[in-house]
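J.: For reference, the structure I am asking about is given below.
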Amino acid sequence: LVERDVDAIDINMGCPKQFSTSGGMGSELLKDVERACDIVRTLRRNLSVPVSCKIRLLKTTEDTIDFVKALQQAGANAITIHAREVGDESTTRAKWDRVEPIVSAITVPTI
């Protein structure tokens, strides 16, 4: 029903706040690639609007690349990369140097 009222669905897999993570949402999804991809596949199968995902960096660039490749394979139309890891404060300097190899590893638009 909601797809008639929106242009797209964005799954926030980057929120580290306890109200999200306690229910297995937000950045908790970064620990469970299968569940994250299942959510993307289910939405893509059942909706006509694009589905995007917002993530944070994982501990290594390689882990993050594997994660975004899996999201792309699951059908994500775009991926937003927050250039900080879970646990980094908003005052922590963004890790911009880690973003380029991730963007280069996938073909969907990145934000």
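The values are calculated or read from the model by the stated rules, or taken from the named source; none is laboratory data. This one's a predicted model, so the numbers in the text were calculated from it and none came from an experiment. Cβ: placed from backbone, ideal geometry, glycine included. Neighbour counts: every protein chain shown. These area figures cover heavy atoms from the full protein model, side chains too; ligands, DNA and RNA do not enter into them. Shrake-Rupley method; radii C 1.70, N 1.55, O 1.52, S 1.80 Å.
J.: Looking at 54, 59, which is the one that is in contact with a His (Cβ under 7 Å, 6 or more places away or on another chain) and modelled with pLDDT of 95 or more?
T.: Criteria check complete, one pass: 54.
J.: A further question follows. Under the condition of being among the hydroxyl-bearing types (Ser, Thr, Tyr) and modelled with pLDDT of 95 or more, which residue from the range 84-111 is most open to solvent (accessible area, probe 1.4 Å)?
T.: 107
J.: Scan 9, 55, 65, 81 and give me the residue that is in contact (Cβ under 8 Å) with a residue 12 or more places away in the chain, more than 22 Å from residue 99 (Cβ to Cβ) and either under 13 Å from the mean Cα position of the chain (by Cα) or open to solvent by 60 Å² or more (accessible area, probe 1.4 Å) (or both).
T.: 9
J.: Within the bounds of the range 88-107, is there any residue that is small (Gly, Ala, Ser), touching a residue at least 12 places away in the same chain (Cβ under 8 Å) and in contact with a Cys (Cβ under 7 Å, 6 or more places away or on another chain)?
T.: No - not one qualifying residue is present in the range 88-107.
J.: May I pose another question? Which of the residues spanning the range 1-24 are at pLDDT below 95 and within 19 Å of residue 63 (Cα to Cα)?
T.: 14, 15, 16
J.: Hey, could you check the range 12-52 for residues that are polar (S, T, N, Q) and surrounded by fewer than 13 Cβ atoms within 10 Å (Cβ to Cβ) and say which is nearest to residue 97 (Cα to Cα)?
T.: 18
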